[in-house]
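The values are calculated or read from the model by the stated rules, or taken from the named source; none is laboratory data. In this text the structure is predicted, and so the values were computed from the model without any measurement. Because the Cβ atoms are built from the backbone with ideal geometry, glycine has one as well, and the counts that use them run over all protein chains shown. When the accessible area is computed, the model is the full protein with side chains, heavy atoms only, and any ligands, DNA or RNA have been set aside. Shrake-Rupley method; radii C 1.70, N 1.55, O 1.52, S 1.80 Å.
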Amino acid sequence: MLLVYNYFCNFAHIFYIIKEKIMRHLRWIIPLIVTVILVANISCSPNHELFDQGVTQIISDSLSPVDSIDKHHNWMLSETRNITVKANANVNAQWLKILTADPRKSADAEVATQVMIADGESAFMSFCYPKTITTLYAALVDDEGRFTVTEFTPNDTKVDFSEPLYTKQLMSYIPQPQTFVYCYEEEMPDFTNLDFDYNDVVLGISYERTGEREIRFHITLDAVGTDRPMSAALHLKNFKYDEIESVTTEGGASFNVNSKGAEIPEQVISPNLLRTKEVLLKSQSQPKEEDREAVINLFCDAHWATGDLLGENDQRLIDHWHYNVSKTSSSDMTYRIIVPREVTFIVTFKEAKGLEYLNFDLIDPFIIKEYLGGTFEVHPFAYRHDWVLKEYKLAEIDKLPWTLVIPYKKFRHPLEGVNIGFKKKNTMGFGAYSSRRGHTFGEWSMDHNLGNDWYLNEYATENQVY
């Protein structure tokens, strides 16, 4: 075992020095070596466990594309703020919106959160925004869509409209809800397909409060870069299942129904993944039934959810092609380019109390995968210790996170097999986000105070992102 491990570490050290193109040609060697180590470990284990935390950590340490990870890293590219806003302007206000930019000057202004309001009222609001933003905006919108806007800093806790920038102006466009992009890496806890391209499942998520008790979640499936079955769900932290009146979808849409109107056949759903098609589910991790939280069932199978697969009369196994991770479709259809599908989930709560606290911090979308006969949930880093629907053994790996949360709707995920940002110590490295010193993924990984804007389009390597 020791000889195998030493050989593995020496090979990994040499392997990560060579260029990315050569690395792609040699990728078949890594699964072989990892398999040797895992098999050797299993045979030595008195309990014959199929998953071993220590061996997984050894592999992670040797093959992580970034060394010297910042031990204080929380892998957050956004900040969270709570403010109280007073609508002290006589403008016939209907809505109060928090904006990420001035909509009169920027076409990129997004709505971080919103609430119904009337003149003279005050509202508490909790929201998230990109760390790169230094000025935020509050807007009162009347029934004719006219904006009254004031600015404030992220450090402000109280905002009013005593000195607005402008009053009752129509905008050339209507700011849309802020979108966060969730990029999942399927390696957790399996290291036999090493690429760190974070495109195995890519979800765009936004939400908006559209009524006193109603919140709409807009979910876009942007890419599927894996040939393995994956399910997905959205866990609403701190919101109980019993507090929700109903969950429906806009127009009756469903990721479990393809573009031809065929519902996914049960026989093609992997046995350990989400097999129910019920939209509202109940978390299983709380001991008491009344404490269990709300979970939205997004899809049973990511490949079917693209809408590209055949109808219900075709009972063959699902073809696990790769979607939107190559700039061209391949002749054998291994790679396909599709228009991302969007489904809007309408959540109606029994009471309005507490909805003002909902922000991206309390939204926990996760994918569900199979590995060695078990079921694993892959959560954003903040909830990496959690399990929601089925308990599993956590892979607590002290390296890169399994999910990246990007507060940028225009984020361009890496192409298939392209490392998101290789970096060893002071070497610039290579990968999709590594070309501009001071704005690279690797630098941000080594120091969470550096390169917080690495994900912007201007810092992407053009021929390595979708």
Inset, instruction - Calculate the radius of gyration of the Cα atoms of the stretch 127-189 to one decimal place, then report Dmax, the largest Cα-Cα distance, as a whole number, both in Å. - result: 16.5, 54
Inset, instruction - Take a quick pass over the stretch 313-466 and tell me how many lysine pairs come in under 20 angstrom between Cα atoms, counting only ones 8 or more apart or on separate chains. - result: 7
Legend entry - Rg/Rg_ref, the stretch 134-272, where Rg_ref = 2.2 N^0.38 Å and atoms are Cα: 1.45
Inset, instruction - Working from the alpha-carbon coordinates of the stretch 312-466, get Rg over Rh, Rh being the Kirkwood radius. - result: 1.01
Legend entry - Label-point gap, in nm, between Lys425 and Ala253 - each point 7 angstrom along Cα→Cβ: 5.1
Inset, instruction - Straight distance only, please: which aspartates and glutamates reach the Cα of Lys86 with their own Cα at less than 16 Å, same-chain residues fewer than 8 apart left out? - result: Asp119, Glu121, Asp142, Glu151, Asp156, Asp160, Glu163, Glu356
Legend entry - Under Karplus coefficients 6.51, -1.76 and 1.60, residue-wise ³J(HN,Hα) of the stretch 147-152 in Hz, glycine/proline x: 9, 10, 10, 10, 10, 7
Inset, instruction - Over the stretch 79-164, give the accessible area per residue in Å² for a 1.4 Å probe, as an integer. - result: 43
Inset, instruction - Could you tell me the accessible area of Phe124 in Å² (1.4 Å probe, neighbours in place), rounded to the nearest ten? - result: 70
Inset, instruction - Considering the convex hull of the alpha carbon atoms of the stretch 85-175, report its projected area averaged over all viewing directions, in nm², one decimal. - result: 5.2
Legend entry - Residues Leu362 and Ala118, FRET efficiency given R0 of 25 Å [Cβ-Cβ distance, rounded to 0.05]: 0.40
Inset, instruction - Return the inverse of the average 1/r over all pairs of distinct C-alpha atoms in the stretch 419-462, which is the Kirkwood hydrodynamic radius, in Å to one decimal. - result: 9.8
Inset, instruction - Please give the FRET efficiency for Arg228 paired with Ser106, using the beta carbon to beta carbon distance and R0 = 45 Å, rounded to the nearest 0.05. - result: 0.65
